[in-house]
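Chemist: Take this structure first; my questions come after.
The values are calculated or read from the model by the stated rules, or taken from the named source; none is laboratory data. Here the structure is a predicted model, which means the values were calculated and not measured. Cβ sites come from the backbone with ideal geometry, for glycine too, and all protein chains shown count toward neighbours. For the accessible areas, the whole protein counts, side chains as well, though only heavy atoms, and no ligand, DNA or RNA atoms are used. Shrake-Rupley method; radii C 1.70, N 1.55, O 1.52, S 1.80 Å.
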Amino acid sequence: MWNRLFKRAPREVMDLPEFQELDRSRLPVHTAIIMDGNGRWAKGRELLRTAGHAAGADTVKKILKAAIALELPVLTIYMFSTENWKRPPAEVDFIMRLLFDRLMQEIDEMDEDNVKIRFLGRLDELFPALRELTQKAEDRMKGNTGVQFNVAVNYGGQDEILHAAKSIARRVQQGELSTEDIDGKIFDASLYTEGLPPVDLLIRTGGDMRVSNFLLWQSAYAELWFTDTTWPDFTPLLFVEALKDFGKRNRRFGGLDNK
Ligand code: IPE
Ligand code: IPE
Ligand code: MG
């Protein structure tokens, strides 16, 4: 199994001394990434913003391959936010089509790589063929046991919390649940991320230091890692650097050091 995954990982990652040296016992369970800076990457090269998104899709593949090689349990990427609809329709269309095309292209290889894909967000608002493809991809990989790969599309943290609150309120109204029973566990189970562990490491590329409505509930105690590098220029080497840095963090969760 290890060999099978390893064989398919990019040499770029496997050959890194940093990769060999990484303390595997201190890797995050759940890594989440705000993939930002596609537009600025393109602008810097006098290209259209859409070229930045296309280049960014190549980075997604590289980072997923690195996650496979490292046997990271959970990787979540922020692909399109509920606020990104404010962009010009041509850009929105391009991103949605890009997701459709790359998914079609990569579905077999992801399945062979034992990846388990899941989509988070308001999927009913995607164009019908994309909606169907996300369902097909999830169904196809549901028995896989490798990297749990979550793609947040038409996702907003506030939208997710509202959605959870409404579904819990409905259950109370129907007498299924009493108000007193509402706890963190029930709330967790009402989110799009039901069944997923909380975020341990949150990475943002592109230089801005904000969370932009990503995984608000789930990142309560996430370690944050920022880089000025734009998403299309992000590399497995930088990814390994973030993971290494995470291994050095002292996480207290509100308690005291147990040193
Ligand atoms: C991230 O890159 C991709 C999406 C938000 C869809 P941007 O498109 O936000 O790139 P910048 O931040 O404008 O450079
Ligand atoms: C966050 O990036 C959303 C995604 C990466 C999908 P944005 O570019 O939309 O965030 P802001 O506008 O800089 O906060
Ligand atoms: Mg941006």
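Chemist: If I model a spin label at Glu83 and Lys62 as a point 7 Å from the Cα along the Cα→Cβ vector, what separation in nanometres do I get?
Modeler: Roughly 2.7 nm, to one decimal.
Chemist: Taking all protein chains in place and a 1.4 Å probe, what share, in percent, of the accessible surface of the chain do carbon and sulfur account for? Intermediate values should be presented prior to the final figure.
Modeler: Numbers: 6980 of 13370 Å².
That fraction is 52 percent.
Chemist: If I stretch the segment between Ser25 and Arg140 completely, what's the gain in nm (0.36 nm per residue apart, minus their alpha carbon distance), one decimal?
Modeler: Fully extending the segment from Ser25 to Arg140 adds 38.3 nm.
Chemist: Separation of the range 132-211 and the range 13-61 by C-alpha centroid, Å?
Modeler: The two parts, judged by their Cα centres, are 23 Å apart.
Chemist: Taking only protein heavy atoms into account and a 1.4 Å probe, give the accessible area per residue of the chain in Å². Don't jump to the answer; show the numbers that get you there.
Modeler: Numbers: 13370 Å² over 259 residues.
In whole numbers, the chain has 52 Å² accessible per residue.
Chemist: A follow-up question, please. In terms of modelled amide H atoms, which long-range or inter-chain residues lie less than 5 Å from the amide H of Glu223?
Modeler: The answer is Leu201, Leu202.
Chemist: Under the Kirkwood approximation for Rh and a Cα-based Rg, what ratio Rg/Rh is obtained for the range 159-259? Intermediate values should be presented prior to the final figure.
Modeler: On the way: Rg = 17.6 Å, Rh = 16.2 Å.
Dividing the radius of gyration by the Kirkwood radius yields 1.09.
Chemist: Moving to a separate point now. From the P(r) of the chain, can you give the percent of Cα pairs sitting at distances over 31 Å? If you can, show how the numbers build up before the last one.
Modeler: Numbers: 8616 of 33411 pairs.
Pairs farther apart than 31 Å: 26 percent.
Chemist: Provide the FRET efficiency to the nearest 0.05 for the Asp101-Met14 pair, computing r from the beta carbons and using R0 = 25 Å. Please list the in-between numbers first.
Modeler: On the way: r = 28 Å, r/R0 = 1.11.
The calculated FRET efficiency here is 0.35.
Chemist: Pick from Gln158, Gln174, Gln148: which residue has the top mean-square fluctuation in a GNM of the chain where Cα pairs under 10 Å get a spring?
Modeler: Among Gln158, Gln174, Gln148, the largest GNM mean-square fluctuation belongs to Gln174.
Chemist: Just to verify a number: FRET efficiency for Glu109 and Leu224, C-beta to C-beta distance, R0 = 35 Å, to 0.05?
Modeler: 0.65
Chemist: Regarding the range 158-199, what's the average projected area of the Cα-atom convex hull, expressed in nm²? Intermediate results must be reported in sequence, preceding the final value.
Modeler: Details: hull surface 12.0 nm².
Orientation-averaged projected area of the Cα hull: 3.0 nm².
Chemist: Take Lys65, Lys136, Lys248, Lys86 and sort them by solvent-accessible surface of the protein heavy atoms, 1.4 Å probe, largest at the top.
Modeler: On the way: Lys65 20, Lys136 120, Lys248 145, Lys86 170 Å².
Ranked from most to least accessible, the order is Lys86, Lys248, Lys136, Lys65.
Chemist: Turning to a different aspect of this structure: Cα atoms only: what Rg and Dmax, in Å, come out for the range 187-227?
Modeler: For the range 187-227, the Cα radius of gyration and maximum Cα-Cα distance read 11.2, 33 Å.
Chemist: Turning to a different aspect of this structure: So what is the 222 nm mean residue ellipticity for the chain from helices alone, if each DSSP H run of at least 4 adds -39500 (n - 2.57) and you divide by all residues, rounding to the nearest 500 deg cm²/dmol?
Modeler: Working: 10 runs with 118 residues, N = 259.
That comes out to -14000 deg cm²/dmol.
Chemist: Using a 1.4 Å probe, how large is the accessible area of Glu241, given in Å² and rounded to the nearest 10?
Modeler: Spelled out: Glu241, probe radius 1.4 Å, area about 100 Å².
Chemist: Under the 0.36 nm per residue contour assumption, what length would be gained going from the current alpha-carbon distance of Phe127 and His163 to full extension? It would help to have the intermediate numbers written out before the result.
Modeler: On the way: separation 36, 0.36 × 36 = 12.96 nm, distance 2.06 nm.
Gain on extension, Phe127 to His163, equals 10.9 nm.
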